[in-house]
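The values are calculated or read from the model by the stated rules, or taken from the named source; none is laboratory data. Owing to the predicted nature of the structure, the values given are computational and were not obtained by experimental measurement. Backbone-built Cβ (ideal geometry, glycine too); neighbour counts: all protein chains shown. When the accessible area is computed, the model is the full protein with side chains, heavy atoms only, and any ligands, DNA or RNA have been set aside. Shrake-Rupley method; radii C 1.70, N 1.55, O 1.52, S 1.80 Å.
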Amino acid sequence: MSIRLDALIAERIRNAGPLTAAAFMELALYHPTLGYYTRASKRTGRAGDFYTSVDVGPQFGALLAAQLDEMRRQLASPSFDLVEVAAGNGQLSRDILDASAARYPELYESLRVNLVETSPAARQVHADTLAPHKAKLEASTAALPNTVTGVIFANELLDALPTHAVTMTETGLAEIYVALDGDRLVECLGPPSTPALASYLERLDLELAPGWRGEICLSAMEWVRTAANRLNRGFMLLVDYGHTADRLYEGHHVRGTLTTFTSHLVDAASQSGEGPRGPAWLSEPGDRDITAHVDITSVCDSARKAGLDLLGVVDQSRFLLGLGAVDEPAMDHDPRAQLRHRLALKTLLVPGGLGSTHQVMFFGRGVGTPTLAGLSLSPSVQGKPSP
Ligand SMILES: C[S@@+](CC[C@H](N)C(=O)[O-])C[C@H]1O[C@@H](n2cnc3c(N)ncnc32)[C@H](O)[C@@H]1O
């Protein structure tokens, strides 16, 4: 008999009381058998629910390979670990390896690839995805390696981590929980489940008005601390959509940023609020993606506290242009392939789309403040980044 995730969640709430948004997201996305990401090797792209830069084509990986090659030269280590976290089916590392083999032979020679992905279904296809580069695949695991000399990279990891949701009331900070109204999942308010939520906001020194609602992703900060501690020498590059705290926790996002995606349709809590089906992020758990924007200020603070140097933050458009996106050659000379190539680059760069929504955060350990092509067009001076 198959169990439905919504029934299982309802049962938990009946037995143990309302769930925090983080506990709900953990079940909806990562339940060991029924979670949205657990069950499928690929959730993105045309047949999935949303597009990432990886789905646009091999161009993102090819441009990243240029950045990795520059980092490799600066690190001057005989081998160079590429630890790709949130690797999905491994396609991005495949694109990086294809481009390295063709254009950066020394990088290719030194690369040791670790794919880190919590979804067992996704891990299962890693060996096939990287088949032409079999010898380069060091490991495919759910956990970060203990020590990394090279780069830890993640595209759209932090936005997919379970987040708490809070709101400011006349009597102070309250947490948004998931409760039951009959059989229906609904939101309810209660006292914060942990003092860490209030401390988080105090550290940011932000005034929140009554009625304001937002997300606090403690698990993202925990992940950043862990990853930073595993970096022995080298770089950490995190790409995600988000804002600095002063922009995230202000008028534009007064309803928060919790959003669900299904079949490329967006259903944002901030847009739809409480509809006849209840809040969108509570519907069809296990069948929809749930995500929230990333607090870039706090990510940078967490990495710095763990001993990393913040090298810079740049939007994806400037990042890729700095790496030579304008001159990026197509792999194929067929005119239709050339056209697809140009359209793909445009999609990666376009302001208002991936080019400006996505920010690239650069951190280093034991590398000083090197000149990096990906940061060369950043408006913030290297070594003195803005967040
Ligand atoms: C939004 S998808 C991004 C996939 C891919 N990076 C891309 O850009 O197409 C997020 C992925 O992160 C994985 N994930 C979530 N938490 C993780 C963790 N702690 N470590 C590794 N992977 C994780 C999910 O299973 C999912 O495959």
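Some observations on this one:
- In this structure the chain gives 43 Å² per residue of accessible area when probed at 1.4 Å with all protein chains present.
- Partner aspartates and glutamates for Lys136 [C-alpha distance under 12 Å; skip if fewer than 8 residues away on the same chain]: Asp81, Asp98, Glu109
- Calculated P(r) tail over 14 Å for the range 148-187, as whole % of Cα pairs: 69 percent
- Each residue was assigned an accessible area with a 1.4 Å probe, and for Cys217 the value is about 20 Å².
- Compared with the rule-of-thumb size 2.2 N^0.38 Å for a compact globular protein, the range 304-349 has a Cα radius of gyration ratio of 1.64.
- The length gained by stretching the chain between Ala135 and Leu343 to full extension, at 0.36 nm per residue less their Cα-Cα distance, is 71.6 nm.
- Residue order for Tyr51, Tyr108 - accessible surface, 1.4 angstrom probe, largest first: Tyr51, Tyr108
- In the chain, a dipole from Cβ-located charges (positive for Lys and Arg, negative for Asp and Glu) runs towards its positive end, and of Leu5, Leu75, Ala306 it is Leu75 whose Cα lies farthest in that direction.
- Along the chain, counting only GluC sites (Glu not before Pro) with a DSSP assignment other than H, G, I, E or B and at most 10 other Cβ atoms inside a 10 Å radius, the longest segment between sites is 208-387.
- In the chain, taking the dipole from charged Cβ atoms about the Cα centre, the farthest positive-side position among Leu27, Leu115, Thr163 is held by Leu115.
- Only Lys, Arg, Asp and Glu carry charge here, each on its Cβ (+1 for the first two, -1 for the last two); on that basis the chain has a dipole of about 760 debye about its Cα centre.
- Stretchable slack from Lys305 to Arg184, in nm (0.36 nm times residue separation minus alpha-carbon distance): 39.4 nm
- Arg342 exposes around 140 Å² of accessible area when a 1.4 Å probe is run over every protein chain in place.
- Projecting the Cα atoms of Phe50, Leu237, Gly61 onto the dipole axis of the chain, where Lys and Arg carry +1 and Asp and Glu carry -1 at the beta carbon, places Gly61 farthest toward the positive end.
- Semi-axes of the equivalent ellipsoid for the range 9-123, computed as √(5λ) from the eigenvalues of its C-alpha gyration tensor and ordered from largest down, come to 36, 16, 11 Å.
- Alpha-carbon Rg with Dmax, taken over the chain, Å: 20.9, 65
- Nearest-10 value in Å² for the accessible area of Lys346, using the 1.4 Å probe: 130 Å²
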